[in-house]
Ligand SMILES: [Zn+2]
């Protein structure tokens with residue numbers, strides 16, 4: 001058992017070494033801006049923060065789209081083929097893109113799963129190496145480690161601009177440190193008995209662990225599994241008995257199961273309302289504040305805190321959320 005765990009934990013670093021070796025054998029000059037392709041918006045945004053003008057970042061899976069079930073289009077594959085560097089989350093988030101991403105590696109493109117290195121680190125991945133929970137971005141501190149990994153990838157690929165990448169990381173890291181402490185402060189203002197987050201799918205376990213919120217997803221970790229009837233009934237009974245004021249819908253997941261919960265509670269004479277829409281696996285519209293990682297977290301923290309009876313200004317942590 002122990003040996004098996006060791007093999008799994010060595011895997012990400014073995015992949016990393018093979019990428020680095022390949023680059024060493026490439027003697028050609030890099031052309032700028034570097035063409036980087038990412039799978040999800042959370043990775044695209046932080047990659048832009050770190051790469052600055054040195055790279056042109058194109059993201060594949062846009063707002064409101066579920067990465068668990070996304071399959072690559074012909075256009076996506078063309079874009080991937082034209083990339084210098086492909087950055088994806090891994091930990092089975094992009095469950096249906098595995099083969100496509102593997103084939104890019106064979107084409108000699110540097111392809112890297114930015115969250116998978118955490119399996120071999122001190123940070124504890126929920127579910128371990130065999131049933132990993134991919135939603136790492138929900139814990140700002142963990143996502144900072146991923147941003148650091150993205151920085152390391154950029155430095156390895158383009159050492160000439162290493163100083164810029166390191167400087168960009170430093171200034172962005174300071175923003176994430178603040179975001180983490182603001183998040184903690186806001187959730188801390190929610191009355192203790194209300195610190196329960198019920199959402200459509202299990203995307204918020206890292207948030208729950210990091211910030212002391214009891215998280216209950218209706219579906220399993222992947223949106224591919226249907227919610228079991230017994231689980232739904234147990235959850236309704238829990239909401240009614242604990243007097244939980246609100247449940248939440250997600251931008252990239254159907255709200256069918258959440259509505260069933262609300263109906264079930266109503267049948268027991270309890271009004272549970274929809275506390276708002278959260279960003280789980282996709283961010284807001286590109287080019288808007290909610291379409292950035294910080295804006296996404298701010299939106300979620302603001303929505304959860306106000307619906308569960310905590311204190312937060314209507315315009316959010318940084319005053320940048322306009323009213324719905
Ligand atoms: Zn998810």
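Read the figures in this text as sums done on the coordinates, not as results from a lab. Just so it is clear, the structure is predicted and the values come from calculations on it, not from any experiment. Backbone-built Cβ (ideal geometry, glycine too); neighbour counts: all protein chains shown.
A few notes on this one:
- Among beta bridges identified by DSSP and lying wholly in the stretch 2-182, the antiparallel ones come to about 0 percent.
- The C-alpha atoms of the chain define a longest principal axis, and helix 162-188 lies at about 10 degrees to it.
- Rounded if a/c under 1.5, otherwise prolate or oblate - the stretch 106-235, Cα gyration tensor axes: oblate
- 209, 195, 266 arranged by Cβ crowding within 10 Å, fewest neighbours leading: 266, 209, 195
- Computed across the stretch 183-307, the Kirkwood radius stands at 14.7 Å (inverse of mean 1/r, all Cα pairs).
- Axis of helix 256-267 versus longest Cα principal axis of the chain: the two differ by about 10°, to the nearest ten degrees.
- Taking the number of Cβ atoms within 10 Å of each Cβ as an exposure proxy, the fewest-first ranking of 149, 263 is 263, 149.
- Across the chain, Cα pairs under 8 Å and at least six residues apart give a relative contact order of 17 percent.
- With contacts taken as Cα pairs under 8 Å and at least 6 residues apart, the stretch 183-307 reaches a relative contact order of 24 percent.
- Building the convex hull from the alpha-carbon atoms of the stretch 2-182 and averaging its projection over directions returns 10.8 nm².
- Here the chain yields Rg over Rh of 0.98, to two decimals, using C-alpha coordinates and the Kirkwood radius.
- Burial ranking of peptide ranges 115-124, 267-276, 42-51 (average Cβ count within 10 Å, highest at the top): 42-51, 115-124, 267-276
- Crossing angle, helix 140-157 versus the chain [Cα axis fit, 0-90 degrees, rounded to tens]: 10
- Put in line by how crowded their Cβ is, counting other Cβ atoms within 10 Å and starting with the fewest, 137, 143 read 143, 137.
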